[in-house]
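Asker: Take a look at the following structure, please.
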Number of protein chains: 2
Amino acid sequence: MSATPRPFSNVLDRSNSGEAVAKALSLAIHEHRLAPGTKLGEDDLAEIYGVSRTVVRAALQSLAHLQLVDMRRHRGAFVAQPSLGEAQEVFEARELLEPRTARMAARSSTSSNIKSLQGHIVEEHAALAADDPGRALNLSGLFHIEIARIAGQATIAGFIETLVARSSLIIALYWRRESALCEKHAHHALVQAIAEGQEQLAEELMRSHLVDIHSALDLRERPAAARSLKEALMR
Amino acid sequence: MSATPRPFSNVLDRSNSGEAVAKALSLAIHEHRLAPGTKLGEDDLAEIYGVSRTVVRAALQSLAHLQLVDMRRHRGAFVAQPSLGEAQEVFEARELLEPRTARMAARSSTSSNIKSLQGHIVEEHAALAADDPGRALNLSGLFHIEIARIAGQATIAGFIETLVARSSLIIALYWRRESALCEKHAHHALVQAIAEGQEQLAEELMRSHLVDIHSALDLRERPAAARSLKEALMR
DNA sequence: TCATCTGATATTGTATACAATATTGCGTCC
DNA sequence: GGACGCAATATTGTATACAATATCAGATGA
């Protein structure tokens, strides 16, 4: 017996349905259920979530501000496809912001903060064990955001949130299958350094962790991939 | 003879009117024509700009993402009022991002970049001479954003754009009248360092420039200003 | 056979109408 | 006289209808 399909979301009965739709879409993108380039038709989404196009549009605009979707006039909204250059930029920005943030977190973390971080790691392991890499990736991102929150810099945490979101798209586009995802130990060691207040170590661990991820991406110039048809075929 | 009032904007005939309204409001906030806390009624704005509430809402949501306005459910939109803590955070973030950015700009600037920066300075002086400090402040912000653009980091430039925007609100709220605004020399020296490719100097000048602004703010704890009525009056 | 033009279609952009809810003034009750 | 409750009002939240425009298929001509 097959149930009628339902929207893939737990929280659509929230008071502000616009944010709810944005959250649902954001989660779907983070978990790689929506591939970069996917068209997000307003009517389709409105029907799926049982709301009007008005609220769908608000949600899409919200995601566009986070650069998770691309809205083009009279063309529609699409899941964003960061270019190689943008991918480089995103990771350069993360490598600038996050090590410093980890240092601050090491200075100011409380024991309940540590508990929360460890909870993230446990969930991440569970998701991997359940063969749900999308969910694991999303949780991994939340881990980074949580560290910024712990550091007590809400503004920078907001920046990191957008960088993590875009990183998810970048990973979807440029991840090298060959390289195993070996974040488990990195996150664990990081939490330990933060818990023990070892600022310098935390900063270094975060930096090398980001470099690890960065170098597990295939960011070499593609031969003709993203160029114009003319440039690729005329000659 | 008094002309009928017209919206304070030059670009309301653009194709995407939502962005146009957002730009007009953003400019008004940057130039301190709209004070923090001002209520932004949707019907009022719709009438002023001659568009429907739909597009006004889109514009307000856009500004809310930049944290220039506060939207509260069933209450309306208001020009944001950054707290003391938020003000500190914003300037800490700027002091983290912008010196590095200035260094990168010094490495990669072209002569046309320099021309553009000098143009900003000239306009800024003109605005000051015309006794239009709001416009001068806005141009000063654009100067900082331009540097980030020159550095070739669009992502970080976007962050700085939001930080500059919030800085404008912070200055409106916390600027000490006593301190003169002495940015002229700072900006000029900065451009020179960037033009000559002196990376270290550019980084240092940007850092000290930001510290100057930061310390020209009165960010001491207010006795009761932003606290709750209860806390302020009950005793 | 291919290129170009044109109109039919589908999708987005905008306006307006209706629903939901916070605010506020007034009346009543204690 | 003051506090509480209630209804009137104004404003925002959402849905829907209409307008504008990009896309695409088919026709027409060279």
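The values are calculated or read from the model by the stated rules, or taken from the named source; none is laboratory data. The structure displayed is predicted, hence computed values, not measured ones. FYI the Cβ positions are ideal-geometry reconstructions off the backbone, even for glycines, and counts take in every protein chain you see. Areas reflect the complete protein model, heavy atoms only, side chains present, ligands, DNA and RNA absent. Shrake-Rupley method; radii C 1.70, N 1.55, O 1.52, S 1.80 Å.
Asker: Please provide three numbers in whole Å: the alpha-carbon extents of the stretch B:42-118 along the principal axes, with the largest listed first.
Answerer: Principal-axis extents of the stretch B:42-118 (Cα, largest first): 48, 33, 16 Å.
Asker: Along its three principal axes, how long is the stretch A:17-79 when you only count alpha carbons? Whole Å, largest extent first please.
Answerer: Answer, in whole Å and largest first: 26, 24, 19 Å.
Asker: Please check the stretch B:72-107 for residues whose accessible area, probe 1.4 Å, is lower by 50 Å² or more when all protein chains are in place than in their chain alone.
Answerer: B:Arg73, B:Glu89, B:Leu96
Asker: Using a probe of 1.4 angstrom, how much of the accessible area of the stretch A:17-79 is carbon and sulfur, in percent?
Answerer: Solvent-exposed carbon and sulfur of the stretch A:17-79 make up 47 percent of the total.
Asker: Accessible area per residue for the protein assembly as shown in Å², computed with a 1.4 Å probe and the full protein assembly in place, what is it?
Answerer: That works out to 54 Å² for each residue.
Asker: Checking an interface number: how much accessible area is buried between A and B, summed over both chains, with a 1.4 Å probe, in Å² rounded to 100?
Answerer: Chains A and B together bury approximately 2000 Å².
Asker: Moving on. Using a 1.4 Å probe on the protein chains only, how many percent of the accessible area of the stretch A:84-215 belongs to carbon and sulfur?
Answerer: 52
Asker: Here is a follow-up. Considering every Cα-Cα pair within the protein assembly as shown, what fraction, in whole percent, is farther apart than 35 Å?
Answerer: So the pairs more than 35 Å apart make up 38 percent of the total in the protein assembly as shown.
Asker: Between A:Arg220, A:Arg57, A:Arg166, which gets the highest mean-square fluctuation from a Gaussian network model of chain A, Cα cutoff 10 Å?
Answerer: A:Arg220
Asker: Rounded to the nearest 0.05, what FRET efficiency do B:Ser112 and B:His74 have when you use their Cβ-Cβ distance and R0 = 30 Å?
Answerer: 0.05
Asker: Counting only other residues whose beta carbon sits under 10 Å from that of B:Leu66, what net charge do I get with K and R as +1, D and E as -1?
Answerer: So the environment of B:Leu66 carries a net charge of 0.
Asker: Could you give me the percent of Cα pairs per 5 Å distance bin for the stretch A:84-215, shortest bin first, beginning at zero and ending with the bin that holds the maximum distance?
Answerer: Each 5 Å bin holds this share of Cα pairs: 2, 11, 22, 25, 22, 12, 5, 1.
Asker: Evaluate chain B: find the radius of gyration of its Cα atoms, find its Kirkwood radius, and give the ratio Rg to Rh.
Answerer: Result: Rg/Rh = 1.00.
Asker: Continuing with the same structure: Compute accessible area for the stretch A:144-178 by itself and then with all protein chains, 1.4 Å probe, and report residues whose area falls by 30 Å² or more.
Answerer: A:Gln153, A:Thr155, A:Ile156, A:Phe159
Asker: Oh, and also: What's the center-to-center distance, using Cα atoms, between the stretch B:50-73 and the stretch A:155-204 in Å?
Answerer: 33
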